[in-house]
Amino acid sequence: MQEILLLSGPNLDLLGTRSPEIYGSATLEEHVRAARDRAEHSGLSLRHLQSNFEGDLIEAVHAARNVSSAIIINAGALTHSSWALSDALAIFSGPKIEVHLSNPAAREPFRHVSTLAGVVNGSLAGLGALGYPLAVDAVVALLAQR
């Protein structure tokens, strides 16, 4: 069975209580469950890792090269600053989808830049809880094209 690696960056472990007016009231576990349900419905497995540490996410991307068929990533604030994470994702050959609950382009200017945008197949932003299952749908479609 093909695996999707879902990566969640810093502070996403606080979803549901952190700025619900921006990120919604759903917890990270609820988002992961929705993505996992969609993946399993499509015949894929989903493995999730959340870390508040950039290096953990980079190591997970490196390890995924031998295990996972695709990566979905919500890097949180690392989206706007981590060239190292961007470099790691660039090496991964499978489909990569970037997800954001809010719309970074409609927020503070520093959030308008994504260091990941140039190395992912696509981005879903501003769709709230819909973003995670839609990211799985995108992965399924991209894997079918291979």
Answer yes or no: is there a residue in the stretch 130-140 that is farther than 18 Å from His48 by Cβ and of a type in the set (Gly, Ala, Ser).
no
Taking the stated definitions as given, is Ser123 in contact with an Asp or Glu (Cβ under 7 Å, 6 or more places away or on another chain), within 23 Å of Ser19 (Cα to Cα), surrounded by 15 or more Cβ atoms within 10 Å (Cβ to Cβ) and not acidic (Asp, Glu)?
yes
Filter the stretch 1-22 down to the residues that are more than 23 Å from Ala144 (Cβ to Cβ), surrounded by 21 or more Cβ atoms within 10 Å (Cβ to Cβ) and either modelled with pLDDT of 95 or more or out of contact with any strand residue (DSSP E or B) (no Cβ under 9 Å at 6 or more places or on another chain) (or both) and list them by number.
Ser8, Gly9, Leu12
Taking the stretch 23-72 and keeping only residues that are buried (at least 17 other Cβ atoms within 10 Å of the Cβ), over 25 Å from Ala144 (Cα atoms) and not hydrophobic (A, V, I, L, M, F, W, C), one is left with Tyr23, Gln50, Ser51, Glu54
If we keep only residues of the stretch 91-105 that are touching a strand residue (DSSP E or B) at 6+ places or on another chain (Cβ under 9 Å) and outside any loop (DSSP other than H, G, I, E, B), then the residue modelled with the lowest pLDDT is Ala105
Which number in (1) within 19 Å of Ala125 (Cα to Cα); (2) in a helix (DSSP H, G or I); (3) within 14 Å of the chain's Cα centre (by Cα) marks the one condition that Ile72 misses?
(2)
Suppose we filter Leu130, Leu89, Leu143 for residues that are surrounded by fewer than 16 Cβ atoms within 10 Å (Cβ to Cβ) and not charged (D, E, K, R); which single one remains?
Leu130
Modelled with pLDDT of 95 or more, touching a Gly at 6+ places or on another chain (Cβ under 8 Å) and not polar (S, T, N, Q) - does that describe any residue in the stretch 72-89?
yes
Just to be sure, is Glu30 more than 20 Å from Ser81 (Cα to Cα), free of Cβ contacts under 8 Å to residues at least 24 places away in the same chain, more than 13 Å from the chain's Cα centre (by Cα) and outside any strand (DSSP E or B)?
no
Among the residues of the stretch 113-146, which ones are outside any helix (DSSP H, G or I), without any contact (Cβ under 8 Å) to a residue 40 or more places away in the chain and under 14 Å from the mean Cα position of the chain (by Cα)?
Ser114, Thr115, Ala117, Val119, Asn121, Gly122, Ser123, Leu124, Ala125, Gly126, Leu127
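The values are calculated or read from the model by the stated rules, or taken from the named source; none is laboratory data. Note that the coordinates shown come from a computational prediction; the quantities given were computed from them, not determined experimentally. Cβ coordinates were reconstructed from backbone atoms using ideal geometry, including for glycine residues, and neighbour counts include every protein chain displayed.
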